[in-house]
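Here is the structure we will look at.
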Amino acid sequence: MELISTTEQLKAVCERLAQHPFVTVDTEFLRETTYYPLLCVVQLASTDEAVVVDALAEGIDLKPFFDLMANEKVLKVFHAARQDIEIVWHLANIVPHPVFDTQVAAMVLGYGDSIAYDQLVGRITGHKLDKTHRFTDWSRRPLTQEQTTYALADVTHLRDVFLVLDADLKKRNRADWVSEEMQILTSPATYHTPPERAWERLKTRVRKPRELAVLIEVAAWREREAQNRDVPRSRVLKDDAIGDIATHAPTTLEKLAHLRSLPKGFDRSRWGQDIIDAVKRGVERNPATLPKLDKPRNNGNGAATVELLKVLLRMTSEKHAVASKIIATVDDLEQIAADDAANVCAMRGWRRALFGEPALALKHGKLALAIEKGRVVPVTAKDEPG
């Protein structure tokens, strides 16, 4: 067991780790009060050793760690990698590569939708992980022996999990399925989200071009403000307030003050005029420059088609032991119901062969579903006699 707190120690351990075909990686961070995550601890393990890196140690330079993350000869193994990768992207402007995500692999192998790390470890190794320090403040120093032990467990058990999942993927010829997902996970575009696209993460539904234009401008303003102040987005403006502003499009401070979703006195704050300016930019935007609003789906028999596709999806998931979430989402099903050429993941690569083609066959009456011994089974639809 080793706690790394100097650049020299980190450089030496990363040089040793780089001699292995894979390393397991995890991070501990805080982001409750900031926009950007504060990296506190990095855990690394090879088949020979496991270490905890104090990322907040005075004077430590994390460059050796970032170099290891960029080393193409070493596979980096994470569980639920996206946030860990996002941290490396933000701090070093690199995306770790190559990468293996055990959560994705577990979904491909039928362990369920987005299985938690402790549950996966339990199912594969039989170990019951200690959750005591799950919500600990990792920014406090010094780190205790208990914290270090807890942190190391996140990468030592991950070695065993990876080896089992990797062998099973190869045995069932599904390694390429995971590789497709890793291409998305390791694409810089996945982590490069300019403020102009901040509106996409909002669940607010807008129906008119003007509402969308205002939503885009106000969400972009909030994103920049949160980044500049390094505070969570909600500290600047809550999601429901942005939706309210988009709907009412107040172009004066007086009108802004009438919105009940805003804190009292917000219109008189230094951000009140910023909001008004953003609204005006939205109102003045040329509708032709806006993204296309999704048209309402499931008119007519569309809803019934989606329900049938849900049954087919569940049947496919159970038959092939693949988590339904990684095969297709409800939005995918709605788009397939509306358009045979829907541009969704479920209609590409291994998903198309597994589910996309049968979905189209079901949609067009070339495939039927029946109950056989209490289970849903596909039945090739017979042509009607002429």
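The values are calculated or read from the model by the stated rules, or taken from the named source; none is laboratory data. Everything numeric here is computed off the predicted structure, so don't read it as measured data. Cβ placement follows ideal geometry from the backbone for every residue including glycine, while neighbour counts extend to all protein chains displayed.
The figures follow:
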| quantity | calculated |
| --- | --- |
| Residue within segment 53-69 that is within 30 Å of VAL322 (Cβ to Cβ), touching a residue at least 24 places away in the same chain (Cβ under 8 Å) and touching a helix residue (DSSP H, G or I) at 6+ places or on another chain (Cβ under 9 Å) present | yes |
| Search result, residues across segment 190-215 that are under 18 Å from the mean Cα position of the chain (by Cα) and either of a type in the set (A, V, I, L, M, F, W, C) or not in a helix (DSSP H, G or I) (or both) | HIS192, THR193, PRO194, ALA198, TRP199, LEU202, LYS203 |
| Helices (runs of 4 or more DSSP H) within segment 48-163 that include 2 or more residues more than 23 Å from the chain's Cα centre (by Cα) and surrounded by fewer than 17 Cβ atoms within 10 Å (Cβ to Cβ) | 63-70, 117-125 |
| Residue count, segment 238-257 (criterion: surrounded by fewer than 17 Cβ atoms within 10 Å (Cβ to Cβ) and either touching a strand residue (DSSP E or B) at 6+ places or on another chain (Cβ under 8 Å) or farther than 12 Å from VAL279 by Cα (or both)) | 5 |
| Only listed residue being of a type in the set (S, T, N, Q) and at pLDDT 95 or above, chosen from GLN103, GLN147 | GLN103 |
| Residue, nearest to TYR150 (Cα to Cα), within segment 120-136, restricted to residues that are touching a Phe, Trp or Tyr at 6+ places or on another chain (Cβ under 9 Å) and modelled with pLDDT of 95 or more | LEU120 |
| Test result for VAL218, under 30 Å from LEU367 (Cβ atoms), of a type in the set (A, V, I, L, M) and either not assigned by TED's automatic domain parsing to the domain that holds PRO37 or not in a helix (DSSP H, G or I) (or both) | no |
| Residue in segment 132-142 that is within 27 Å of GLU32 (Cβ to Cβ) and either aromatic (Phe, Trp, Tyr) or outside the structural domain of LEU39 (by TED's automatic domain parsing) (or both) present | yes |
| Output for segment 264-291, where each listed residue is of a type outside the set (Asp, Glu), closer than 14 Å to VAL214 by Cβ, in contact with a helix residue (DSSP H, G or I) (Cβ under 7 Å, 6 or more places away or on another chain) and outside any loop (DSSP other than H, G, I, E, B) | ILE275, ILE276, ALA278, VAL279, ARG281, GLY282, VAL283, PRO287 |
| Residue in segment 271-290 that is of a type outside the set (A, V, I, L, M), loosely packed, with under 14 Cβ neighbours inside 10 Å and at pLDDT below 90 present | no |
| Of all residues making up segment 164-183, the number that are over 23 Å from the mean Cα position of the chain (by Cα) and assigned to a helix (DSSP H, G or I) | 5 |
| Neighbours by Cβ (under 9 Å, 6+ apart or cross-chain): first from segment 296-312, on the phi > 0 side of the Ramachandran plot; second part of a helix (DSSP H, G or I) and modelled with pLDDT of 55 or more | ASN298/ALA304; ASN298/THR305; ASN298/VAL306; ASN298/GLU334; ASN298/ALA337; ASN298/ALA338 |
| Matching option when the condition is under 30 Å from ARG224 (Cα atoms), assigned to a loop (DSSP other than H, G, I, E, B) and either within 26 Å of the chain's Cα centre (by Cα) or not assigned by TED's automatic domain parsing to the domain that holds LYS238 (or both), among THR27, THR33 | THR33 |
| Selection within segment 225-237 - crowded, with 16+ Cβ neighbours inside 10 Å and either of a type outside the set (Val, Ile, Thr) or not in a helix (DSSP H, G or I) (or both) | GLU225, ALA226, ARG233, LEU237 |
